[in-house]
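A short reminder: the numbers here are calculations on the coordinates, not readings from a lab. Quick caveat: nothing in here was measured; it's all calculated off a predicted structure. Virtual Cβ from ideal backbone geometry, glycine too; neighbours counted across all protein chains shown.
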Amino acid sequence: MKIEELIKQCIKNNRAAQNELFRQYKDTLYFTSLKYCRNDVDAEDNLHDSFITIFQKIKTYKHKGSFEGWMKRITIYKAIDKYKAIKPINIEIKDDILEETITVEETENLNLEQLLKLIQDLPDQYRLVFNLYQMDGFSHKQIGAVLNISEGTSKSNYHRAKLILREQIIAINKSLKPKAH
């Protein structure tokens, strides 16, 4: 069934179409959830909550932009909303912003699962900003609006996240190097 027909059937609350939509997109949206959540269980919960919202709001999809992108946004916002409900996010760090970059060479000893784990272990405010900016292409202005923080705080949190990741990657690489006798 083509996506346009699948959407039409989901609007009609057709359970078979909803199951098919879930089957087609669950892995993609689970990975999106995993980037924003602390662990597998939270990502799984976010995935299910996201699909509930997708099915409730599917009739509002305007067929502008990709449907997958529309669903990813819902998934991202669901994860952020859960975090905002737990703890306020307006933490401002007054400090010099260090422009730290992580080179490809530094990450070549790590697989995707290890990198994802490092990102998941970031403090919540850093993880959210890092993912929104680096992984999903939001601007710092957009991030500020979504997370209810200033643009400067977004930039600061992003740079702090990169610094933490860089330090952790360097530490892992050092531990992997064979020791000279």
Where nothing but the Cβ of Lys and Arg (+1) and of Asp and Glu (-1) is charged, how large is the charge dipole of the stretch 104-176 around its Cα centre, in debye to the nearest 20?
-> 240
Mind checking which lysines have their C-alpha under 18 Å from LYS26, skipping anything on the same chain fewer than 8 residues away?
-> LYS2, LYS35, LYS57, LYS72, LYS78
Using the Cα centre as the reference, give the magnitude of the dipole from point charges on the C-beta atoms of the stretch 3-86 (Lys, Arg: +1; Asp, Glu: -1; all else neutral), rounded to the nearest 20 debye.
-> 400
So which lysines can LYS141 reach, going by Cα to Cα under 16 Å and dropping same-chain residues fewer than 8 places off?
-> LYS155
Estimated vicinal HN-Hα couplings, Hz - the stretch 44-60 in sequence order (Karplus 6.51, -1.76, 1.60; Gly, Pro = x) = 5, 4, 5, 4, 5, 4, 5, 5, 4, 5, 4, 5, 6, 10, 4, 5, 8
Ranked highest first by average number of other Cβ atoms within 10 Å, how do 15-24, 46-55 line up?
-> 46-55, 15-24
Ranked list, fewest to most other Cβ atoms within 10 Å of each Cβ, for ARG160, ARG38 = ARG38, ARG160
